[in-house]
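Enquirer: Pasting a structure here, questions to come.
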Amino acid sequence: MVRALINSTLSVMLLAVCLMLSWRALSETNFFFSQIYEYNGIEEQIAKYGPQNRNRNGFETTTKSERAKIFGEIVRSVNNGGQGLEDIVYRDASGEIIDTFLTQPEIDHLNDVARLITHLSGILSYLAAILGVLVMVFWIGKSRKNINIWRPYTVAKSFLSMLALLLVCCGIVLAVGPQRVFYALHEWIFAGMAPWHFYFQESLMTTMLTEPLFGSISILLMVSAFAIWVLLSALINKILG
């Protein structure tokens, strides 16, 4: 029982750290925005709601590469404490600036997102340091005093356990409804902060960032986090097993 509790706790901690590493790695690839663009209804949604926008004109005339650039600038800004959000612009096919992309309420919300990411990154960095220290301490105890405080399960067994946990979570999300879960998380996380809900006719950000896109990004995060988790688990298992 004690071993199971230790392994489960440390595995979940490790997965949380891997999610942070996954976020940072995928941020460098722009979350493969250009590659998953066609599969997430972005073109169709912009064509429909771009001309209806009451705050900005002409976004429907922009190119796919321009939209990918804007998405990348948003990602870099929220990863950098929100710096540069107000400077994001969109251009026509000839490169001429049409307008700024974000309205002030959107900037306020993304600043909240940036603060959340900064806060979580700090916590998970400390968590990564704690895990590193624990592995070192457990390795010293094993190699010098033959004391096995943490005896990791095999990677296969740990993977199956974590996969089962993930499937349960996915099952709950599907049962409740992805959209309801998405809204509920926003209401909980951003309670008391800037408004986070924007109508298509008022927000180019909401128009471009479709709900399926968030689903695709979530899948990319989990798959890459699990891949990193497997590699780190194998390394820890080799050190302590």
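The values are calculated or read from the model by the stated rules, or taken from the named source; none is laboratory data. Worth saying up front: this structure is predicted, and the values here are computed from it rather than measured. Virtual Cβ from ideal backbone geometry, glycine too; neighbours counted across all protein chains shown. To get the accessible areas, we keep the full protein, side chains included, count just its heavy atoms, and leave off ligands, DNA and RNA. Shrake-Rupley method; radii C 1.70, N 1.55, O 1.52, S 1.80 Å.
Enquirer: Show me the three semi-axes of the equivalent ellipsoid for the chain, from the C-alpha gyration tensor (sqrt of 5 times each eigenvalue), largest first, rounded to whole Å.
Expert: Numbers: eigenvalues 341, 65, 53 Å².
Computed over the chain, the values are 41, 18, 16 Å.
Enquirer: Mean Kyte-Doolittle of at least -1.0 plus a Cα span of 30 Å or more along the axis: flag which DSSP H helices in the chain meet both, please.
Expert: Numbers: long enough: 2-28 (39 Å, 1.28); 104-145 (60 Å, 0.65); 155-176 (31 Å, 2.42); 211-240 (42 Å, 1.78).
Within the chain the helices that satisfy the rule are 2-28, 104-145, 155-176, 211-240.
Enquirer: Right, here's the next one. For Asp87, what accessible surface area do you get with a 1.4 Å probe? Give it in Å², rounded to 10.
Expert: Surface accessible to solvent at Asp87 totals approximately 100 Å².
Enquirer: So how exposed is Glu44, as accessible area in Å² (1.4 Å probe, rounded to 10)?
Expert: 120
Enquirer: Here is a further query. Would you mind listing how long the stretch 29-69 runs along its three principal axes, going by Cα atoms, in whole Å with the largest first?
Expert: 32, 18, 13
Enquirer: For the stretch 1-69, evaluate the Debye formula with one uniform point scatterer on each Cα (no solvent term) and list log10 I(q)/I(0) at q = 0.19, 0.20 Å⁻¹, rounded to two decimals.
Expert: For the stretch 1-69 at q = 0.19, 0.20 Å⁻¹, log10 I(q)/I(0) is -0.83, -0.87.
Enquirer: Would you kindly state how much longer the chain becomes between Asp108 and Gln201 on full extension, computed as 0.36 nm times their sequence separation minus their alpha carbon distance, in nm to one decimal? Spell out each step's value before the answer.
Expert: Working: separation 93, 0.36 × 93 = 33.48 nm, distance 1.84 nm.
Computed gain between Asp108 and Gln201 is 31.6 nm.
Enquirer: Still on this model: Give me the distance in nm between label points sitting 7 Å out from Cα along the Cα-to-Cβ direction at Arg54 and Ser94, one decimal.
Expert: For Arg54 paired with Ser94, the spin-label model returns 3.1 nm.
Enquirer: Would you mind computing the Rg to Rh ratio of the stretch 60-179 from its alpha-carbon coordinates, Kirkwood style for Rh?
Expert: Working: Rg = 22.8 Å, Rh = 19.0 Å.
In the stretch 60-179, Rg relative to Rh is 1.20.
Enquirer: Then there's this: Describe numerically, in nm with one decimal, the distance between label points set 7 Å from Cα along Cα→Cβ at Gln83 and at Lys157.
Expert: In this crude label model, Gln83 to Lys157 measures out at 4.8 nm.
Enquirer: Calculate what fraction, in whole %, of the accessible area of the chain sits on carbon and sulfur atoms when a 1.4 Å probe is rolled over the protein chains.
Expert: Details: 8990 of 13710 Å².
In the chain, the share of accessible area belonging to carbon and sulfur is 66 percent.
Enquirer: Another one. Under 18 Å from a point placed 7 Å out from the Cα of Arg115 along the Cα-to-Cβ direction: which residues of the stretch 78-107 have their backbone N that close?
Expert: Inside the label zone: 78-86, 104-107.
Enquirer: Provide the gained length on full extension for the span Ile189 to Leu5, in nm with one decimal, where the gain is 0.36 nm per separating residue minus the Cα-Cα distance. Show your work: numbers first, answer last.
Expert: Working: separation 184, 0.36 × 184 = 66.24 nm, distance 2.84 nm.
Stretched out fully, the Ile189 to Leu5 stretch lengthens by 63.4 nm.
Enquirer: Fully extended, how many nm does the chain gain between Ala227 and Val137 (0.36 nm per residue separation, minus their Cα-Cα distance)?
Expert: Details: separation 90, 0.36 × 90 = 32.40 nm, distance 2.53 nm.
My answer for the length gained is 29.9 nm.
Enquirer: Name the long-range amide H neighbours of Arg91: under 5 Å, sequence gap of 5 or more, or other chain; modelled H, no Pro or chain starts.
Expert: Correct list: Ile98.
Enquirer: Restricting to Cα pairs below 8 Å that are 6+ residues apart, what does the relative contact order work out to for the chain? Please round to a whole percent.
Expert: 34
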